[in-house]
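Worksheet: one structure, shown below.
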Amino acid sequence: MNQLELLLRIAIGFVALFSMARWSGRKEISQMTFFNLVSAIAFGSIAAALVVNPSVSILNGIIALLGWAAFTVLTDQIHLKSKKARKLLMGDPVIVIKKGVILEDALRQTRLDTDSLKAMLREKSIFSLSDVDYAIFETDGKLSVMKKESKQTVTKSDMNIAKSSGNFVPLSTELVSDGRVNVQNLNKMKKDRTWLDEQLQQAGVQSLDDVFYAEVQPDGNLYIDKRNDILH
């Protein structure tokens, strides 16, 4: 490969990538579908091969770029016009919390764990699972949340409520996650397993084996989500 050919390959690759970026650049990364993202990566790989791989002829490289771009545009058009195609390409939103109950099968389906779920809730300024009525894991990887009616946003000044000075803990603290006791958090609260068992029994839970998730809230109340909840 001589220098003139290399410069020509670089120019073609640059124009191809610029055109692809201009075509898809109006979307943020978080708004791109999984297919869009994979397609963009593949398009970049083809352009890179055209530039640096002398065994790929310029003509074949251009054909590959044009062919991939055409398939991508065609797929996007089908995605826009067909609801069935959108479902096939993107899947359906999945309810992971329903009526305040964590749906374990839905978490497994979406490959979410409780730590990831809580992190996504914190991004929405929700620090306790007990505040959530519904949570839906969207096809773009975001979480849509509807708080319980009693937890809808109201400022303390609106209600003339003074700041509480007797919090049990500053934030909701995880005690059981995925059925396992968080011993570290218990120790930080200067509590032990016996105290936890007593709290569970007072809440009508006879065995820790029945608990999927539990946290103590700032007011000292215990929020419990049982294993294999059945909702009608």
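The values are calculated or read from the model by the stated rules, or taken from the named source; none is laboratory data. Every value quoted in this text rests on a predicted model; they were computed, and no experiment measured them. FYI the Cβ positions are ideal-geometry reconstructions off the backbone, even for glycines, and counts take in every protein chain you see. Note: accessible area is taken over every heavy atom of the protein model, side chains too, but ligands, DNA and RNA are not part of it. Shrake-Rupley method; radii C 1.70, N 1.55, O 1.52, S 1.80 Å.
Every residue in segment 33-76 that is open to solvent by less than 60 Å² (accessible area, probe 1.4 Å), without any contact (Cβ under 8 Å) to a residue 24 or more places away in the chain and over 32 Å from the mean Cα position of the chain (by Cα), please.
Ala49, Asn53, Val56, Ser57, Ala64, Gly67
Can you list residue pairs whose Cβ atoms sit under 9 Å apart, with the first residue in segment 191-207 being without any contact (Cβ under 8 Å) to a residue 12 or more places away in the chain and closer than 13 Å to Gly220 by Cα and the second being among the polar types (S, T, N, Q) and surrounded by 13 or more Cβ atoms within 10 Å (Cβ to Cβ)? Count only pairs 6 or more apart in sequence or on different chains.
Lys191/Asn185; Lys191/Gln199
Please work out which residue is nearest to Ala106 (Cα to Cα), limiting yourself to segment 77-92 and to residues that are free of Cβ contacts under 8 Å to residues at least 24 places away in the same chain, open to solvent by less than 100 Å² (accessible area, probe 1.4 Å) and among the aliphatic types (A, V, I, L, M).
Ala85
I'm trying to understand the selection: among the residues of segment 110-143, which are surrounded by 13 or more Cβ atoms within 10 Å (Cβ to Cβ), without any contact (Cβ under 8 Å) to a residue 24 or more places away in the chain and not basic (Lys, Arg)?
Ser116, Met120, Ile126, Asp131
Considering only segment 175-188, how many residues are more than 18 Å from Lys118 (Cα to Cα) and open to solvent by 30 Å² or more (accessible area, probe 1.4 Å)?
3
Pull up segment 208-232, narrow it to residues that are within 22 Å of Asp113 (Cβ to Cβ), more than 25 Å from the chain's Cα centre (by Cα) and not hydrophobic (A, V, I, L, M, F, W, C), then point me to the one that is least open to solvent (accessible area, probe 1.4 Å).
Looking at residues that are within 22 Å of Asp113 (Cβ to Cβ), more than 25 Å from the chain's Cα centre (by Cα) and not hydrophobic (A, V, I, L, M, F, W, C), I get Asp210.
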